[in-house]
Amino acid sequence: MNRFLSLTKTLLINSFGISAVRAKANKNKAEYLKILGLGLAIAVGVAPTIVLYCNLLIKGFDMLAPVGQEGVILTLGIVLVSTMIFFFGIFYVINFFYFAGDAQNLLALPLKGWQVLGARFSVVLCYEYLTELPFLLPPIIIFGIKSGASPIYWIYALAGFLFIPLLPLGLATLPTVVIMRFANLGRRKDLFKILGGLIVLALAVGLQFFIQKSGPNAADPAFIMTLLTDRNGLMNLVSRVFPSTRYLGIALTNADKALGLVNLLIFTGLSLLAVALAWAVGDKLYFNGLVGSSETTARRRKLTSADYERLAAGSPALLSYFKKEIRLLIRTPIYLMNCVLVNLLVPALLCIPFLLQSHNEQGPMPWESLTAKPEGQTILMAVIVGAAVFLVSSNGITSTSLSREGKEFFISKYIPLSYEQQIKAKLLSGYLFGVIGAILLLIAAIILIPLDMVIIGLTLIVSLIAMVPVLEAGLLIDILRPKLDWDNEQKAVKQNLNVILAMLCSILMGGGILYIVIRFIHNPILAALFMLGSFGLIAAVLYFLLMSKGITQYSKLES
Amino acid sequence: MIEIIGVSKSYNQGAVKAVDGVNLTVKNGEIFGFLGPNGAGKTTLIKMITGILNADEGSIRINGKDIRKDPIEAKMQFGFVPDDPNIFTRLTGLEYLNFMADMYNVPSAKRLDRMQSLLQRFEMSAAAGDLIQSYSHGMRQKIMVIGAMLHNPSVWILDEPMTGLDPRSSYDLKEMMREHADTGNTVFFSTHVLDVAEKICDRLAIINKGKVIFCGSKQEIHEHVKENQSLESLFLEMTENE
């Protein structure tokens, strides 16, 4: 088989763990049932969100059809997916192209830069298809059925589905490959790589704002008129976030006309061009960014007795285990990017667009009217607490804390530190970053919303308690089904279902409590007390479970 | 002292018996070598002794402490060098040693002395402040050995400890094993290198397909071995596929 195809196939099998699942299932047929059960559980978990999304789309279609703007639901879906693919793509490309432990093993094989980059690109592409599925399938199907689309529409939709990730992923690859080429210099390679990743992200965010800002002012009445009167004018506006998506939007809404075909061809052409460009640049630069990237420089300086005194100070075992967790989280680039920096980036990303907007337009924020009334304050508090809960569950620190140990898990088994203490240390490490994330989130909220001190204080206290059950649930999930068998760190955090399960838990738990608050409680102090009570109660129950079932299961785990 | 009583372990719901009814006693004051071909069950048994794996049957006691019933006390009795030294590579050598010292509650003053003398003995003083990631395989092995000895345990459990060590360090480790045993302590180690086993072990056991097929002292080996026959040929003969 062609080297490129063979490599792609091998990487795909390895990344998705296909052989491993097959091997397990061969030994025990129940493994298939387990996978099926898990898939069903996730499907049931996300079903309400999908239903809500579909309802929104259907309503949107019905509302926009009379003004000839129904194409917007398609373009919105395409833009949403393209933007997600672009941002996820940057993370995937950095992690999978550069940080993955096996990235360098391929250097010894007689392969060209584009072959390795292309094979890795293809694997990431497959992940992106999975990302695309829940977001794009609903608008495509709803638009197709409701507009009574012809077979050509469905063929174009399939082509669109397959081609959509190419351009954003190509665009994510290009700057990453260039910046990583130059980040692979100097002594602190790990640090440079992380900085490189951040620069790519910053560029991406900057580009998005530039594109958004370069258009006409959305508040201009004349512009709104053109939007509403011009067929698909709104679609053109929406697609400005990712200009090429416009062509696919037009192709799908005009599937039966020559215009549709022309636009589809432009879209596929642009997508292929982006891939070709990314691969061509990758062919020249990829290996240079990779060769020697794992080298670590050492000073080999003899330590003085003063150094020993300073460095070898003892601490209690639990604290020492906690410090070890923190050090490994911060020093492993993949963990730093995915578990730690998320806590800092999300509040920043939430803040920036609104800040830019407020400076440009000087108009009131949509929520400013809320801050005056107690009901509004309650809603804002619940939303901030909800965001903190979600942030803590999505950073995956506790829901991957055993998984991250991988082959090193045996150390936790033979050291004379009780499982109880280890569980506590792991919870604490999650809590530390949770607190940092919640505080930053609150700072972002304070910048955006003129909240009074009491509300700020209450929100902080509730957030600090609300994150506890989320952290506990994550850890419990990871103790029950740790992913210890991996060959690169990315699999422990990025390709770990436990993070998704923990997020689902937080959505169910947080969503339920916050729903009650927003729906029934209109006083911020009562709301805070209710949230403290309910999150506290769940925290107590989960803590009890961790200290009983969790410890039993921990002691049964083998590596 | 290590007592292994009727220990068995199987995988795949009993389909593969990795360790099958092993009985062994490693006495104080002896170096006990554990030999066997690849996949014979050496590492599985060591993992059960150290609490990494749970035995399906039987019990294991270290200095009288049962690893299942009294795990923390049992774990305090031994120092363990795993067969793979590629762990905690993003910590510095000193951070790793400190971590291990904290786990075993080694008081600050004692750990300083011990760390310095062990680092010096293994010529690792200059590298202690650097990330383990920057170490060669042998250096990683050395830092594991030092980490296992920090709390001065009476029982040493070493899984392939000589792998990757340079001749000097290998010699030093063998000397240390001898000294440790001669002062009334226990050394239990697995190896592939028959010469090493023959030279430094007081007693040794050969395991094959999960079963101990030979266990005896140096003298017993010599009685077992025909004239001019080496341990190597005895090993090959015993572990040959039936």
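We did not get these values from a lab; they are worked out from the coordinates using the rules stated. The structure displayed is predicted, hence computed values, not measured ones. Cβ atoms come from the backbone with ideal geometry, glycine included; neighbour counts cover every protein chain shown.
Note that the range A:432-445 has calculated 3J(HN,Hα) couplings of 4, 6, x, 5, 4, x, 5, 5, 5, 4, 5, 4, 4, 5 Hz, one per residue in order, obtained from phi through the Karplus relation 6.51 cos²θ - 1.76 cosθ + 1.60 (θ = phi - 60°); glycine and proline are x. Rounding to the nearest 10 and keeping the result within 0 to 90°, find how far the Cα-based axis of helix B:93-103 lies from the longest principal axis of chain B. Relative to chain B, helix B:93-103 is tipped by roughly 70 degrees.
How large is the translational diffusion coefficient of the range B:1-124 in µm² per second when you combine the Kirkwood radius over alpha carbon pairs with Stokes-Einstein at 4 °C and 1.567 mPa s? It comes out at roughly 78 µm²/s. Annotation: amide H-H contacts under 5 Å for B:Leu91 (H modelled 1.01 Å from N, sequence separation of 5 or more, or interchain): B:Ile132, B:Gln133. Per-residue 3J(HN,Hα) values for the range A:83-88, derived from phi via the Karplus relation 6.51 cos²θ - 1.76 cosθ + 1.60 with θ = phi - 60°, read 5, 4, 4, 4, 6, 4 Hz in sequence order (x marks Gly and Pro). Cα centroid separation, the range B:1-57 to the range B:111-186: 24 Å.
A protection proxy built from the mean count of other Cβ atoms within 10 Å ranks the segments A:6-17, B:88-99, most packed first, as B:88-99, A:6-17. For chain B, relative contact order (Cα pairs under 8 Å, six or more residues apart, normalised by length) works out to 28 percent. DSSP bridge analysis restricted to the range B:69-213 gives an antiparallel fraction near 25%, rounded to the nearest 5. Each peptide in B:127-136, A:511-520, A:391-400, B:100-109 was scored by the mean count of other Cβ atoms within 10 Å over its residues; highest first, the order is A:391-400, B:127-136, B:100-109, A:511-520. Taken over the alpha carbons of the range B:46-204 as equal point scatterers, the Debye sum produces base-10 log I(q)/I(0) values at 0.10, 0.21 Å⁻¹ of -0.35, -1.53. Placing +1 on each Lys and Arg Cβ and -1 on each Asp and Glu Cβ, with no other charges, gives the range A:1-136 a dipole about its Cα centre of roughly 700 debye.
At 7 Å along the Cα-to-beta-carbon direction for both B:Val193 and A:Asn14, put a label point, then send me their distance in nm to one decimal. Between B:Val193 and A:Asn14, the label points sit 3.2 nm apart. Near B:Glu57, the amide H atoms lying under 5 Å from its own belong to B:Ser8; only residues 5 or more places off or on other chains count, and H is placed 1.01 Å from N. Straight-line cross-link reach from B:Lys218 at under 24 Å between alpha-carbon atoms covers these lysines, not counting any fewer than eight positions away in the same chain: B:Lys27, B:Lys42, B:Lys174, B:Lys199, B:Lys209, B:Lys226. With neighbours defined as other Cβ atoms within 10 Å of a residue's Cβ, the residues A:Thr268, B:Thr44, A:Thr49, A:Thr371 order from fewest to most as A:Thr49, A:Thr371, A:Thr268, B:Thr44. Once the convex hull of all Cα atoms in the protein assembly as shown is built, its volume per residue stands at 192 Å³.
For the residue pairs A:Lys491/A:Lys556; A:Lys491/B:Lys17; A:Lys34/A:Lys324, the alpha carbons lie more than 25 Å apart in A:Lys491/B:Lys17; A:Lys34/A:Lys324. When you filter the trypsin sites (Lys or Arg not before Pro) in the range B:1-87 for DSSP loop state and at most 10 other Cβ atoms inside 10 Å of their Cβ, you are left with B:Lys69.
Mean residue ellipticity at 222 nm, helices only, chain B: -11000 deg cm²/dmol; runs of at least 4 DSSP H residues each add -39,500 (n - 2.57), and the sum is divided by the number of residues.
For B:Met162, no residue whose modelled amide H falls within less than 5 Å of its own remains once neighbours fewer than 5 places apart on the same chain are excluded.
Of all lysines in the structure, those lying under 22 Å Cα to Cα from A:Lys112, and not within fewer than 8 positions of it along the same chain, are A:Lys9, A:Lys284.
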